[in-house]
Amino acid sequence: MSDAFTSAQHFLAPSQVAELLCIDVDEVVELVCAGRLRGSKLGSPARWRVEASSLGEYLAEQSEESRRMALWRQADEASFPEVWGTSHAHGI
């Protein structure tokens, strides 16, 4: 196999990425433009292509963000006596 063919396997069309992430194609392009997914316009006429390896990084980022939000919600829902302990001296 040629190097060009091998490297082409590392890119996905926005429609493929959209299907994998269950989002619209326009959202995929927005993610690329925002730098959250790596991609570029390739070919003639130029069409968006997304680096397949950036999908794993994006999903890991999303997973970490979800984990942090869950921890934040848990901390936000915790009452102060549970966090700081009860204090009879202060009437809590």
Notebook entry, point to check: At Ala46 and His10, where each label point lies 7 Å from the Cα along Cα→Cβ, what is the point-to-point distance in nanometres?
Noted result: 2.0 nm
Notebook entry, point to check: Peptides 65-75, 44-54: what's the order by average Cβ count within 10 Å, highest mean first?
Noted result: 44-54, 65-75
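No value in this document is a laboratory result; all are computed from the given coordinates. None of these values were measured; they are calculated from a predicted model. Because the Cβ atoms are built from the backbone with ideal geometry, glycine has one as well, and the counts that use them run over all protein chains shown.
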